[in-house]
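Right, one structure below, let's go through it.
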Amino acid sequence: MSGSLAGVRALVTGGSRGIGRAIAMALADDGARVAFGYHGSREEAEATRDELWTRDAAAAAIEADVSREDECKALVTGAIDVLGGLDVVVNNAGILHEQPLLDTEVADFDRVIGVNLRGTFLVGRESIRWMVEQGGGGRIINIASDLAYLGRARNTAYCASKAGIGAMTRTWALEFAPDILVNAVGPGPVDTDMLGADVMSDEQRAQESDIPLRRIGRPDEIAAVAAFLAGPKATFITGQTFGVNGGSVMY
Ligand code: NAP
């Protein structure tokens, strides 16, 4: 494939649906070869893989629970085997569990932190380990959230996990400069299963979130920024979190 990411080997977690699927498509459309992870949605994962093949992209789907260390190691190793190496990793897999603080059990807290924060840590660590061993560079792109800054009632674990991802992004950017560039994208509300699009109208959701651009985002609008950060023009950027949020947070 030609394109600005021709020859780039990319792993995207949570590629079966939503934003991760859009990121896998955007990277492939720019010429990257893509392996993506999924957990429960085998049918959606196969549909994503088939769509990537339709677009003439080399693509593979790998099942892994990112909250588990052994499965993250297998995911990264599997991606390296399939792609012949790894240049770009997008830590996108995540879950949201709305719950009042006073009803939140330790197990609930740990589940959200386990997928969002530990998953990013594990896949990031294993990917960076391989990149360092190769003596080359790489790009890590972590998907955070505007809620890391705004906070949101009934979302203690989610907001904490996303703030942690921002801090981890800056830490890795410092630790692995100048070879590996590490950035994050902080979406505002985006039309995916996570937002329960069937429950609220766009208008209600935009109103609720008080978004200056008066609508929620589309997955491809997040993916475009991730693809830019993976690409040849993003060479002087590291440790940043990019708000792609319709103005919900202004940095
Ligand atoms: P989504 O449509 O619910 O998709 C979530 C993805 O994460 C799926 O591919 C899912 O895979 C994967 N996943 C969930 N648990 C996993 C686990 N234990 N191991 C591996 N993969 C797992 O969500 P989304 O809206 O696209 O969200 C993607 C990212 O953007 C998340 O990090 C989310 O926090 C962030 N974000 C979303 C919004 C929004 O409004 N949508 C806003 C800000 C940030 P399976 O389906 O195969 O299990």
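No value in this document is a laboratory result; all are computed from the given coordinates. Everything numeric here is computed off the predicted structure, so don't read it as measured data. Note that we place each Cβ from the backbone using ideal geometry, even for glycine, and neighbour counts take in every protein chain shown.
Rounding to the nearest 20 debye, state how big the charge dipole of the chain is about its Cα centre with +1 on each Lys and Arg Cβ and -1 on each Asp and Glu Cβ.
It works out to roughly 660 debye.
May I ask you to order 177-185, 18-26 by the average number of other C-beta atoms within 10 Å around their residues, highest value first?
18-26, 177-185
Averaging over all projection directions, find the projected area of the Cα convex hull of the chain and quote it in nm² with one decimal place.
12.8
Under 13 Å from the Cβ of GLY14, count the other residues' Cβ atoms, weight Lys and Arg +1, Asp and Glu -1, and hand me the total.
Spelling it out: positives minus negatives among the neighbours equals -2.
How many times 2.2 N^0.38 Å is the alpha carbon radius of gyration of the range 1-112?
1.15
Which whole-Hz ³J(HN,Hα) couplings does the range 232-240 yield from phi under the Karplus relation 6.51 cos²θ - 1.76 cosθ + 1.60, θ = phi - 60°, glycine and proline marked x?
Per-residue couplings from phi come out as x, 8, 9, 9, 10, 10, 8, x, 9 Hz.
Tell me which of GLY136, ILE211, GLY246 sits at the most positive position along the dipole axis of the chain, charges placed on C-beta atoms (Lys, Arg +1; Asp, Glu -1).
Checking the options against the dipole of the chain, the answer is GLY136.
Net charge within 11 Å of GLN134 by Cβ-Cβ distance, Lys/Arg positive one each and Asp/Glu negative one each, not counting GLN134 itself?
The answer is -2.
With contacts defined as alpha carbon pairs under 8 Å and 6 or more residues apart, what's the relative contact order of the range 118-251 in percent?
This gives 30 percent for the range 118-251.
How high is the relative contact order of the range 119-175? Use alpha-carbon pairs under 8 Å, at least six apart in sequence, and give a whole percent.
Contact order relative to length: 31 percent.
Show me 80-88, 221-229 ranked by packing, highest mean number of other Cβ atoms within 10 Å first.
The densest-packed peptide leads the list: 221-229, 80-88.
Do you know the relative contact order of the chain, to the nearest whole percent, from alpha carbon pairs under 8 angstrom that are 6+ apart?
19
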